[in-house]
1. Cut-off 10 angstrom, C-alpha nodes, Gaussian network model of the chain. Which of 61, 135, 111 fluctuates the most?
2. Taking every eigenvalue of the Cα gyration tensor of segment 84-199, multiplying by 5 and rooting it, what semi-axes result, largest first, whole Å?
3. If you take the beta carbon distance between residue 43 and residue 184 as r and set R0 to 25 Å, what does 1/(1 + (r/R0)^6) give as a FRET efficiency, to the nearest 0.05?
4. Above 16 angstrom, tally the Cα pairs of segment 104-154 and express them as a % of all pairs, no decimals.
5. Under 10 Å, Cα contacts only: if you run a Gaussian network model on the chain, which one of 42, 167, 119 comes out with the highest mean-square fluctuation?
6. Test of understanding: ordering 87, 150 by Cβ neighbours within 10 Å, fewest first, what list do you get?
7. Suppose each label sits 7 Å from its Cα in the direction of the beta carbon; what would the residue 34-residue 68 distance come out to in nanometres?
8. Over segment 140-199, what is the mean sequence separation of C-alpha contacts under 8 Å (at least six apart), divided by residue count, expressed as relative contact order in percent?
């Protein structure tokens with residue numbers, strides 16, 4: 001998922017078993033102690049070390065772009081092309097076109113974190129939250145530094161009124177990428193909502 005967020009308190013709730021929230025939240029809290037999958041590019045390690053700096057030499061946006069480029073890349077050129085088509089379809093709102101492509105990608109490339117993350121994003125947009133949480137979990141098991149997936153889980157927590165889990169998940173995302181100012185604003189708004197001060 002992307003990392004931009006607006007505070008959305010629940011209106012229409014999608015059925016997600018509470019145990020699934022608990023399971024994935026436990027995973028999110030444990031992410032700092034988990035190692036990335038072996039198939040991920042080693043170059044990512046240096047990029048994340050650079051991103052963690054308060055004032056990196058390069059702009060944080062440039063570092064983020066490089067990280068996303070590594071995540072979305074695949075040595076299988078056919079899979080990479082299919083991903084590009086799916087991303088373009090999602091951007092155009094053609095989720096019916098993106099869905100079968102992403103379904104095939106997670107089946108044929110189950111170790112590709114970004115395939116799971118993109119399908120999770122699609123399910124989130126469609127408000128199919130149980131399926132989105134499943135895909136986020138799969139992405140994070142492969143790439144525990146995926147601040148986009150963590151932020152996506154936090155947004156689903158918000159949609160279901162689980163403010164404590166949302167706040168903690170945003171904080172985990174910030175511990176990975178401290179330059180996500182929108183998440184700091186979301187944490188502040190959650191605090192106000194929790195105290196009944198947000199209108």
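What follows is calculated from the coordinates using simple rules that are stated; it is not laboratory data. Everything numeric in this text was worked out from a predicted model, so none of it was measured. Neighbour counts are summed over all protein chains in view; Cβ atoms, including those assigned to glycine, are modelled from backbone coordinates with ideal geometry.
1. 61
2. Working: eigenvalues 147, 47, 28 Å².
Equivalent ellipsoid semi-axes, largest first: 27, 15, 12 Å.
3. Details: r = 28 Å, r/R0 = 1.11.
Using R0 = 25 Å, I get an efficiency of 0.35.
4. Values: 342 of 1275 pairs.
Here the long-distance tail beyond 16 Å is 27 percent of all Cα pairs in segment 104-154.
5. For the chain, modelled as a Gaussian network with Cα springs under 10 Å, the answer is 42.
6. On the way: 87 17, 150 30.
The fewest-first ordering by Cβ neighbours comes to 87, 150.
7. Each label point lies 7 Å from its Cα, and together they span 2.2 nm.
8. Details: 47 pairs, mean separation 16.5, N = 60.
This gives 27 percent for segment 140-199.
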